[in-house]
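**Student:** One structure, pasted below without further comment.
The values are calculated or read from the model by the stated rules, or taken from the named source; none is laboratory data. Fair warning: this is a prediction, and the values are worked out from it, not measured in the lab. When we count neighbours, we look across all protein chains shown, and the Cβ atoms used for this are built from the backbone with ideal geometry, even at glycine.
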Amino acid sequence: MIFRLKRLALLISLPVLINTTGFVALPLMAGSVQAAEEKDKEVLYWYDPMYPQQRFDEPGPSPFMDMDLVPRYADEGGDSASMTIDSSIMQNLGMRLATATRESISQSLNAVGALTFDERDVAIVQARSGGFVERVYEHAPEDVIEQGAPLADLFVPEWAAAQEEYLALRGAGQPQLLSAARQRLRLAGMPSDLIAQFERSGKARPVWTVTSPIGGVIQSLDVREGMIMSAGAPLARINGLDSVWLEIAVPEAQVAHLAQGQTVTARLPAFAGETLEGTIQAVLPQANLDSRTVRVRVELPNPHQRLRPGMTAEVTLSRDIDDALVIPTEAVIRTGRRALVMVAEEGGRYRPVVIRTGREYNDKTEVLEGLKAGQQVVASGQFLLDSEASLRGLTAQELGAAQPDAEPALHEAEGTVVSLEDGMVGLSHGPFKTLNMPGMTMSFAVASDAPLEGLEEGDRVRVGVSESDEGLVIKRIEKLGGQP
């Protein structure tokens, strides 16, 4: 009686629904649900849970215990972890079902990034031989120049002597000596194209016009007129602009979902309404200790040199994940510690099941564990079923638990140990709600795999029992912290 009063109080506290006729109705009221479940059900027999081998044709008080006989219905199947709800009630409450399906999902991540120079497209211009700077052309750092643009004129005395020697030997008819003189020009650092021009003209060219090997931006220009340059001294550093890097700061928690070749869409404030497409070139190995982010590098083509290093961009990173099991996000009941769904089974039965969720996209949630493709879950009204399951004392099927058809669920209750002897445990227990069995004091047989070590009389415990031909058998017993 106390249990039914508590149940009624909880149901009254639930939110009310207004049906299509305009009347206010409590969701899944205990009386209506129980009546709907028992309506038109075939009762096989009545029995006492403590002596299930004894069957009775009519209801009444148990001859063995101080309790009423319990009916056994034809469709119960020994499964106490689910409940049956009449289809008309489900329809009146507007409950909807959804099927767990496998499909390709797309993960999107929004981040910010900035354009930088492509550090692979860099040219370092150096003096091939020692000499004097005769002229510096009118360029400055950050100027954009074309490939082959002149930078400076260098007078190289060593080249002048080697060229005069080559010209003297060219008319001597000594091909071996002439070949050696040509080799000396190369060893002196004279470029091959200059050697070819010198041979064609037959005039000494001791002045070398240094040109840019690539087109791009002058990052540094370390040469002035009148300077003396030694061999290998840097003259200029030039960065190409045919492509630029987009470096994106991604939270470290999202890095595991990124991969090389992943699609990237960038939007720059400088080009409103335009989007740029690219792919991830690399996920850089070092994280920023202050912001806890990891840099992701994307290479963007820049044929018209509109993209300038230093510009910012809003970036969307997308990735397709094949063969993911998904359900509607609205079907998931989140309790803070775990996620549940109400699984719909044949015959109007519903079972709470714990699931492990993954990514969310487009109002769908990925299910990593707990469901199989093709199973149906309640997508609307599942909170009412969850409340009813709680009132009935149904526990959700945990991850990794046996399937319902593999082993019947246990009936659970709490109690106090009053005796321990000969493989029997005397308990003063509360009601077994899933058996409709009230609280009382009685003895239970204990399964061989249920440990009793550490238990003493007076301990507060929670037990899980199963029905057998010999009566209720304790399959699981856990010691609780509190005392009665």
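**Student:** Regarding residue 131, is this residue surrounded by 18 or more Cβ atoms within 10 Å (Cβ to Cβ), among the small types (Gly, Ala, Ser) and touching a residue at least 60 places away in the same chain (Cβ under 8 Å)?
**Tutor:** Criteria met by residue 131.
**Student:** Of all the residues that make up segment 316-367, how many are under 13 Å from the mean Cα position of the chain (by Cα), farther than 21 Å from residue 385 by Cβ and not small (Gly, Ala, Ser)?
**Tutor:** Filtering segment 316-367 down to residues under 13 Å from the mean Cα position of the chain (by Cα) leaves 318-321, 324, 356-361, 365-367.
Those left that are additionally farther than 21 Å from residue 385 by Cβ: 318-321, 324, 358-361, 366.
Those still in the list that are not small (Gly, Ala, Ser) too: 319-321, 359-361, 366.
Residues flagged as under 13 Å from the mean Cα position of the chain (by Cα), farther than 21 Å from residue 385 by Cβ and not small (Gly, Ala, Ser) within segment 316-367 amount to 7.
**Student:** A further question follows. Of the residues that sit in segment 432-474 and are among the acidic types (Asp, Glu) and in a loop (DSSP other than H, G, I, E, B), which one is surrounded by the most Cβ atoms within 10 Å (Cβ to Cβ)? Break it down into steps so the answer makes sense when it comes.
**Tutor:** Step one: of segment 432-474, the residues among the acidic types (Asp, Glu) are 449, 453, 456-457, 459, 467, 469-470.
Filter again for in a loop (DSSP other than H, G, I, E, B), leaving 449, 453, 456-457, 459, 469-470.
Working: 449: 7, 453: 4, 456: 8, 457: 10, 459: 16, 469: 8, 470: 11.
Checked segment 432-474; the qualifying residue surrounded by the most Cβ atoms within 10 Å (Cβ to Cβ) is 459.
**Student:** Further question on the same structure: So, in segment 334-353, of the ones that are crowded, with 19+ Cβ neighbours inside 10 Å and among the β-branched types (Val, Ile, Thr), which residue ends up farthest from residue 101 (Cα to Cα)?
**Tutor:** Filtering first and then ranking leaves 353.
**Student:** Any residue in segment 94-116 that is basic (Lys, Arg) and part of a loop (DSSP other than H, G, I, E, B)? Working first, answer last.
**Tutor:** Restricting attention to segment 94-116, the residues satisfying the condition of being basic (Lys, Arg) are 96, 102.
Next, from what is left, pick out any that are part of a loop (DSSP other than H, G, I, E, B): none.
Checked against the condition, which is being basic (Lys, Arg) and part of a loop (DSSP other than H, G, I, E, B), segment 94-116 yields no hits at all.
**Student:** Okay, next question. Looking at residue 84, is it at pLDDT 85 or above and in contact with a strand residue (DSSP E or B) (Cβ under 8 Å, 6 or more places away or on another chain)?
**Tutor:** No; evaluated as a whole, the condition is false for this residue.
**Student:** I need the full set of residues from segment 186-230 which are assigned to a strand (DSSP E or B) and at positive phi, in order please.
**Tutor:** 216
**Student:** From the list 200, 205, 224, which residue is surrounded by fewer than 18 Cβ atoms within 10 Å (Cβ to Cβ), in contact with a helix residue (DSSP H, G or I) (Cβ under 8 Å, 6 or more places away or on another chain) and more than 30 Å from residue 302 (Cβ to Cβ)?
**Tutor:** 205
**Student:** Could you list, in sequence order, the residues of segment 296-314 that are more than 20 Å from residue 143 (Cα to Cα), out of contact with any helix residue (DSSP H, G or I) (no Cβ under 9 Å at 6 or more places or on another chain), in contact (Cβ under 8 Å) with a residue 60 or more places away in the chain and of a type outside the set (A, V, I, L, M, F, W, C)?
**Tutor:** Residue satisfying the conditions is 299 alone.
**Student:** While we're looking at this one, here's another question. Out of everything in segment 135-183 that is of a type in the set (Phe, Trp, Tyr) and either in a strand (DSSP E or B) or out of contact with any strand residue (DSSP E or B) (no Cβ under 8 Å at 6 or more places or on another chain) (or both), what residue ends up being surrounded by the most Cβ atoms within 10 Å (Cβ to Cβ)?
**Tutor:** The initial filter retains those residues of segment 135-183 that are of a type in the set (Phe, Trp, Tyr), namely 137, 155, 159, 166.
With the extra rule that they be either in a strand (DSSP E or B) or out of contact with any strand residue (DSSP E or B) (no Cβ under 8 Å at 6 or more places or on another chain) (or both), the set shrinks to 155, 166.
Details: 155: 15, 166: 22.
Residue satisfying both the conditions and the ranking: 166.
**Student:** Suppose we keep only residues that are among the polar types (S, T, N, Q) and in a loop (DSSP other than H, G, I, E, B) within segment 292-319. Which one would you say is modelled with the highest pLDDT? Please lay out each step first, then the result.
**Tutor:** Initially, segment 292-319 is screened for residues among the polar types (S, T, N, Q), giving 293, 302, 305, 312, 316, 318.
So of that shortlist, the ones also in a loop (DSSP other than H, G, I, E, B) come out as 302, 305.
On the way: 302: 89, 305: 86.
Only one residue tops the list, namely 302.
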